[in-house]
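Undergrad: Dumping the structure here so I can ask a few things about it.
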Amino acid sequence: MTQTISHVLLDIEGTTCPVSFVSGTLFPYAARELGPYLERHHHNEIVQSHVLAVIEAWRQESDPQARELWNQARERVSDEAGASATNQFRGSAIEPYLQWLIAADRKFTPLKELQGMVWAEGYARGELVGDLFEEVPDILRDWHQQGLVLAVYSSGSIAAQKLLYGHSQAGDLGPLFSHWFDTHSGGKHEVDSYKRICATMGVEPQQVLFISDSEAELQAAATAQLQVVLSDRDHTQPPEQQTRIQDSTTPPVPKGRHSITNLGQLKLNAAPFKN
Ligand SMILES: [Mg+2]
């Protein structure tokens, strides 16, 4: 088995970006700005189609709490079915249900789409800046320069991934990446997802290094024959303990995974990718 690497597949949260940026900045921003955004953009056709889908879901909601919110909202606007209801419920009238969905952690595609649109505007306005770990931009540029093919695999949508890297503290890093994968490629704990991703990139799994802070994800990727390294940001490790994974004469780390606290600790033996 070759130990050379041609592709690096990167998780985002806990690997290139603090988990706190997503949970403490991005999601609160979307929750706060959804209402004002809907008010500003209620003439936008895409917004309207999402609003309609939200109304339909709300109308059919069986949860008592959400039904109560629905009844309260209906008292404020006349209850007309179909497209006319969009006008009645325009803008932030659907906000109580959206906030309820967020609080209930319901996965609902129109909500996810609207959150993405709110983030896109926030990044464009400079109110949001993709907060990558300090060394990440330079390391990514360095790997790209070495000829490594860089790819993202995150449970956040591809649109959200591109926004984060496109508006990072070091500017637009999007062009450094050749491939973007989200859960449309399958769950991150599933072996087949990693096989599928390698097939899409047209590369043997052994030539791909996957880096993540999740042991379950690494286990699935390792089973699919990818090389794996654990991003263990909270672990304190002496700086001289560099992880060398390219050199087959270097004995493997005795127990557990290769692990790093910083992407700069990886010294990769890049093998230019021949397609
Ligand atoms: Mg992660």
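Undergrad: Please turn the phi angles of segment 189-196 into ³J(HN,Hα) values with the Karplus equation 6.51 cos²θ - 1.76 cosθ + 1.60 (θ = phi - 60°), one per residue in order, whole Hz, x for glycine and proline.
TA: Calculated HN-Hα couplings, in order: 9, 9, 4, 4, 4, 6, 5, 5 Hz.
Undergrad: Taking 0.36 nm per intervening residue step and subtracting the Cα-Cα distance, what contour gain separates residue 155 from residue 19 on full extension? All intermediate terms of the calculation are to be shown ahead of the outcome.
TA: On the way: separation 136, 0.36 × 136 = 48.96 nm, distance 1.25 nm.
Residue separation times 0.36 nm, minus the Cα-Cα distance, leaves 47.7 nm.
Undergrad: For segment 105-194, what does the alpha-carbon gyration tensor say about shape, rounded, prolate or oblate, given a ≥ b ≥ c as the root eigenvalues, a/c under 1.5 as rounded, and a/b over b/c as prolate?
TA: Taking the square roots of the gyration eigenvalues as a ≥ b ≥ c, segment 105-194 is oblate.
Undergrad: In degrees, nearest 10, range 0 to 90: what is the angle between the Cα axis of helix 27-40 and the longest Cα principal axis of the chain?
TA: Helix 27-40 and the main axis of the chain meet at about 40 degrees.
Undergrad: Residue by residue through segment 111-124, what is 3J(HN,Hα) from phi via Karplus (6.51 cos²θ - 1.76 cosθ + 1.60, θ = phi - 60°)? Round to whole Hz and write x for glycine and proline.
TA: 5, 4, 5, 5, 4, x, 5, 5, 5, 4, 5, x, 5, 4
Undergrad: Can you compute the label reach from residue 4? Point 7 Å from Cα along the Cβ direction, backbone N cut-off under 16 Å, restricted to segment 130-152.
TA: 146-149
Undergrad: When we measure straight from the Cα of residue 267, which lysines land under 30 angstrom away, once same-chain ones fewer than 8 places off are left out?
TA: The qualifying lysines are 162, 188, 195, 255.
Undergrad: A further question follows. Give me the extension gain from residue 223 to residue 60: residue separation times 0.36 nm, minus the current Cα-Cα distance, reported in nm with one decimal.
TA: Working: separation 163, 0.36 × 163 = 58.68 nm, distance 4.23 nm.
Here the segment from residue 223 to residue 60 would lengthen by 54.5 nm.
Undergrad: Moving to a separate point now. Which is the longest run of the chain containing none of the GluC sites (Glu not before Pro) found in DSSP loop states (not H, G, I, E, B) with at most 15 other C-beta atoms within 10 Å?
TA: 136-239
Undergrad: Cα atoms only: what Rg and Dmax, in Å, come out for the chain?
TA: 22.0, 74
Undergrad: Then there's this: For the modelled label position 7 Å from the Cα of residue 104 along Cα-to-Cβ, which residues of segment 23-67 have backbone nitrogen atoms closer than 15 Å?
TA: Inside the label zone: 54-67.
Undergrad: Now, a different point. Write down the percent of antiparallel bridges among all DSSP beta bridges whose residues are both part of the chain, to the nearest 5.
TA: Expressed as a percentage, antiparallel bridges in the chain total about 5.
Undergrad: Pull out a ≥ b ≥ c, the square roots of the eigenvalues of the alpha-carbon gyration tensor of segment 23-124, then state rounded if a/c is under 1.5, prolate if not and a/b is larger than b/c, and oblate in the remaining case.
TA: oblate
Undergrad: So for the pair residue 76, residue 233, with labels modelled 7 Å out along Cα→Cβ, what separation do we get in nm?
TA: Computed distance between label sites residue 76 and residue 233 equals 3.7 nm.
Undergrad: Rank-order 141-148, 104-111 by packing density, defined as the average count of other C-beta atoms within 10 Å over each peptide's residues, highest first.
TA: Descending packing order for the listed peptides: 141-148, 104-111.
Undergrad: Please list, ordered by chain and number, the residues whose modelled amide H lies under 5 Å from the amide H of residue 269; skip anything fewer than 5 residues away on the same chain.
TA: HN-HN under 5 Å from residue 269: 5, 246.
Laboratory data are not the source of any read-out in this text; all were calculated from the coordinates shown. Owing to the predicted nature of the structure, the values given are computational and were not obtained by experimental measurement. All Cβ positions, even for glycine, are placed from backbone atoms using ideal geometry, and neighbour counts span all protein chains on display.
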